[in-house]
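This report concerns only the one structure given below.
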Amino acid sequence: MALPSTIYRVTLHLSDIDRGIYESVQTTVAQHPSETEERLVARLLALAIFYQLGLTFTKGLSATDEPDFWVKGSDDRVQLWGEVGLPDSDRIIKASRHADRVALLACGRSLHNWNQQHFPKLEKLANLTIVSLDQAFISNLAAQLHRSIIWSITITEGILYLASGEQTYQTTILSHIR
């Protein structure tokens, strides 16, 4: 018998001063049984970093032909294809041919090795944005994870500030390709 997904109710109060976005986003997120808390946190942070109207999570790990999140136009064309983690460069290259924009929040314990192996193949893609966050920041948030998440996120001058309850965290958003 397959294990069920864990459901999280999420409210993000987003103030992205760099892009002039001020939104309160409420969503329900399913954590696949094979998904780590760190990856779930990274997906939520990617939602904030790449937020735009119409951005939705997909089936994620359950559908290998879909990204982690996307924005689709009224004609069903993918405007934004978003990935989280350390995907194979061929997957990103293929996505860049089929979507207007591709966004990747590169994170994971082997990020340094991934950068050396895949970054040279991706750096020439004009419609690709790659950012990364400190893995310790993601791990710290994952250790504090509750089924009901309320985060206030402010992004300004490339710094992400996150308030959760009485705690405040911050990290630099490292841009690799814009």
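We did not get these values from a lab; they are worked out from the coordinates using the rules stated. Keep in mind that what you see is a predicted model, and the values were worked out from it rather than measured. Using ideal geometry, Cβ is built from the backbone for each residue, glycine included, and neighbour counts are taken over all protein chains shown.
So here's what we get for this one:
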{"read-out": "Neighbours by Cβ (under 7 Å, 6+ apart or cross-chain): first from the stretch 134-147, among the hydrophobic types (A, V, I, L, M, F, W, C); second in a loop (DSSP other than H, G, I, E, B) and surrounded by 16 or more Cβ atoms within 10 Å (Cβ to Cβ)", "value": "Ile138/Cys107"}
{"read-out": "Filter result for the condition that a residue is in contact with a Leu (Cβ under 7 Å, 6 or more places away or on another chain), more than 26 Å from Tyr22 (Cα to Cα) and among the hydrophobic types (A, V, I, L, M, F, W, C), over Ile92, Ile49", "value": "Ile92"}
{"read-out": "Answer from Val71, Val131, Val102 - the residue that is of a type in the set (Val, Ile, Thr) and in contact with a Phe, Trp or Tyr (Cβ under 8 Å, 6 or more places away or on another chain)", "value": "Val102"}
{"read-out": "Strands (runs of 3 or more DSSP E) lying entirely in the stretch 83-178 (those with 3 or more residues that are touching a strand residue (DSSP E or B) at 6+ places or on another chain (Cβ under 9 Å) and either small (Gly, Ala, Ser) or surrounded by 15 or more Cβ atoms within 10 Å (Cβ to Cβ) (or both))", "value": "101-106, 128-132, 148-156, 159-164, 174-177"}
{"read-out": "Tabulated pairs, the stretch 40-59, first outside any loop (DSSP other than H, G, I, E, B), second of a type in the set (Val, Ile, Thr), C-beta under 6 angstrom, 6+ apart or interchain", "value": "Val41/Ile138; Ala42/Val84; Ala42/Ile138; Arg43/Val84; Ala46/Val84; Ala48/Ile153"}
